[in-house]
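Notes follow the structure.
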Amino acid sequence: MLSLSKDKYKSIIGTACFLGYMPVMPGTFGALPGIAIYYLLWYFLPSAYLLVGLLISIGILIFLTYYLTPWAVAYWRSEDPSQFILDEIIGFLFVPVFYQTGSVSDITITGFVLFRVFDIIKIPPANYVDKNIKGATGIILDDIISAGYAALCLYLLSI
């Protein structure tokens, strides 16, 4: 039987099954499981429970992020390691929380692209959070802000 170290298990979780190790755009590739989670929840849950499913998923990912952040910072010797991408999944999952009136394709395609653009360019206050709030809170919060901008754009595109 194959035995994995605790660091390997934490790495598998924190990198979303190694997507965080992609040589280009690790955050974008790392956010892709968010699309899968959203789609599975949308497909299998009655629409009345979709928001609850999203919030439970986000809660689990936030817990894992707070639990694993001290390890990730030490392991990759960075305050916000690019390999650690649970925050990208959390950020994307906030798009359908903030924008609930769109179709699944609007959210998974347009919402994903908008989220990634806003997360990369980090317009205020996301840039302030990214530079000044340390630890899991800062790692997560700038992605939530970017998700808010993406949802706002989806709303503006829909009117």
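Values quoted throughout were computed directly from the atomic coordinates according to the rules given, and no laboratory measurement underlies them. What you see is a predicted model; the values in this text were computed from it and never measured. Here the Cβ positions follow ideal geometry from the backbone for every residue, glycine too, while neighbour counts run over all protein chains shown.
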* Structure fact -> All alpha-carbon distances of the chain, grouped into 10 Å bins from 0, give the whole-percent distribution 11, 41, 34, 12, 2, 0
* Name the lysines eligible as straight-distance cross-link partners of Lys6: C-alpha to C-alpha under 29 Å, and not fewer than 8 places from it in the same chain. => Lys134
* To do: Rounded to the nearest 10 degrees, what's the angle between the helix 86-98 long axis and the longest principal axis of the chain, both from Cα atoms, 0 to 90?
  => 10 degrees
* Structure fact -> Once both label points are put 7 Å beyond Cα along the C-beta direction, the Ile120-Ile133 separation in nm becomes 2.4 nm
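What is the gain in length, in nm to one decimal, between Leu152 and Ala74 on full extension, counting 0.36 nm per residue of separation less the C-alpha to C-alpha distance? Intermediate values should be presented prior to the final figure.
Working: separation 78, 0.36 × 78 = 28.08 nm, distance 3.57 nm.
Gain in length upon complete extension: 24.5 nm.
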* Structure fact -> Taking a ≥ b ≥ c as the square roots of the Cα gyration tensor eigenvalues, with a/c under 1.5 meaning rounded and otherwise prolate when a/b beats b/c or oblate if not, region 18-81 comes out oblate
